[in-house]
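Below you'll find the structure, written out as structure tokens, and then a few comments.
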Amino acid sequence: MAATVFSSVNVREAHLPISAEARTAAAQLAAHAVQALLDEANLTPKPALVDQRGSGAHADLTLALMHRSAHALFFCFEAIASACKGMAPSQSLRERLGAIGRAGEQRMFAAAGCTNTHKGAIWSLGLLVAGAAICGDVDDASAIAAAAGAIACYRDSCTEPSATHGARMQALYGVAGARGEAQEGFPHVIEIGLPALRAARSRGIAEHCARLDALMAIMAALDDTCLLHRGGLAALRAARHGAQRVLYEGGSSTAGGMALLLALDAELLARNASPGGSADLLAATLFLDSVTLTSAKQRGPRNFAGDLELWKN
């Protein structure tokens, strides 16, 4: 799904006929995924990332562009969920999802004017949507991530593993990268992002600060290949150290923590480096949070009807 080679598969028709009930479930998973992308983009302030203040270290991106791209991926995620209903991880399923993902990239580039807005998210969120569809009505985020990881362990014969910036950084620095993160069952989401998000909520911290703290926790631990690509080891070390300082100060809900977060933002902007891999994993965290039963009990059921009509237009 992370390949640059495009497929002629039509995302709207990229799955076999399924029941109306299964189609609704697929649409709801797609809605969760799109909402996770929107929530990640809207979260403010994020260090050197696109948010409601501006473009961060990405001169070619805007918040409006990120929104358009997220909406455009609805059918990609829906097709992934539909293709995985009643299936188990396999080589043939991996090949099928690769074709759907490449078609999703076409929609993304069409919506974003040939700008790479969410290529990494198509990979990570696409796999997690697949894992959620395979697991069905399961409230265990670890099981969903494990299913996603099992799919990622199969190689898509239509892709070239070394074709992305992340893959080159993986080879250069010996880090796991997005592929390794997925194959290992998204440990920075399951073991770091989700626990940080829910721990912050349990302490009564405002939702946007809980999400910022989850991002800081991911940044503090992740060998982010986006940072390595744009700023090398110096940028990665600065980002990890800065995020750790925010958390040690009490997180973004404290005056000191927010001041340190803004200082980290300024430092990464000066380096023209952004933690795009961490942002993708925050979106993955928000997705898993929203699809699991624990999240539903914490915040109540969400009515997707209005969003579904918007995203299908």
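The values are calculated or read from the model by the stated rules, or taken from the named source; none is laboratory data. This is a predicted model, so every value here is computed, not measured. Because the Cβ atoms are built from the backbone with ideal geometry, glycine has one as well, and the counts that use them run over all protein chains shown.
List of remarks:
- Within region 115-141, considering residues that are of a type in the set (Ser, Thr, Tyr) and modelled with pLDDT under 85, the one surrounded by the most Cβ atoms within 10 Å (Cβ to Cβ): THR117
- Selection over region 26-76 of residues that are surrounded by fewer than 24 Cβ atoms within 10 Å (Cβ to Cβ) and in contact with a Gly (Cβ under 7 Å, 6 or more places away or on another chain) gives a count of 0.
- Test: ALA103 is modelled with pLDDT under 90, of a type in the set (A, V, I, L, M, F, W, C) and in a helix (DSSP H, G or I): no
- Pairs where the first residue, in region 75-86, is among the polar types (S, T, N, Q) and the second is part of a helix (DSSP H, G or I), C-beta under 6 Å, 6+ apart: SER82/ALA26
- Test: residue in region 99-113 that is closer than 26 Å to GLU191 by Cα and touching a residue at least 40 places away in the same chain (Cβ under 8 Å): no
Residues are listed down the side, and each one gets a yes or a no for (1) outside any loop (DSSP other than H, G, I, E, B); (2) charged (D, E, K, R); (3) more than 18 Å from the chain's Cα centre (by Cα):
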{"site": "HIS32", "(1), (2), (3)": "yes, no, no"}
{"site": "GLN35", "(1), (2), (3)": "yes, no, no"}
{"site": "GLU40", "(1), (2), (3)": "yes, yes, no"}
{"site": "ALA57", "(1), (2), (3)": "no, no, yes"}
{"site": "GLY86", "(1), (2), (3)": "no, no, yes"}
{"site": "ARG96", "(1), (2), (3)": "yes, yes, yes"}
{"site": "ALA99", "(1), (2), (3)": "yes, no, yes"}
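- Residues of region 245-259 that turn out to be assigned to a helix (DSSP H, G or I) and closer than 22 Å to PRO195 by Cα, as a count: 6
- Residues located in region 167-197, provided they are modelled with pLDDT under 95, of a type in the set (D, E, K, R) and surrounded by fewer than 18 Cβ atoms within 10 Å (Cβ to Cβ): ARG168
- The set of residues in region 240-274 being over 14 Å from ASP213 (Cα atoms) and either aliphatic (A, V, I, L, M) or in contact with a strand residue (DSSP E or B) (Cβ under 7 Å, 6 or more places away or on another chain) (or both) consists of ALA263, ALA266, LEU268, LEU269, ALA270, ALA273.
- Any hit, region 42-53, residues being part of a helix (DSSP H, G or I), modelled with pLDDT of 95 or more and either on the phi < 0 side of the Ramachandran plot or in contact with a strand residue (DSSP E or B) (Cβ under 8 Å, 6 or more places away or on another chain) (or both): yes
Rundown of residues vs (1) under 23 Å from HIS32 (Cβ atoms); (2) basic (Lys, Arg); (3) over 18 Å from the mean Cα position of the chain (by Cα), yes/no style:
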{"site": "LEU93", "(1), (2), (3)": "yes, no, yes"}
{"site": "THR115", "(1), (2), (3)": "no, no, no"}
{"site": "ILE122", "(1), (2), (3)": "yes, no, no"}
{"site": "ALA147", "(1), (2), (3)": "yes, no, no"}
{"site": "TYR154", "(1), (2), (3)": "no, no, yes"}
{"site": "CYS158", "(1), (2), (3)": "no, no, yes"}
{"site": "THR164", "(1), (2), (3)": "no, no, no"}
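- Scoring TYR248 on the criteria (1) surrounded by fewer than 24 Cβ atoms within 10 Å (Cβ to Cβ); (2) modelled with pLDDT under 95 leaves a single failure, condition (2).
- Yes/no for ILE134 being in contact with a Pro (Cβ under 9 Å, 6 or more places away or on another chain), in a helix (DSSP H, G or I) and either over 19 Å from LEU281 (Cβ atoms) or of a type in the set (Asp, Glu) (or both): yes
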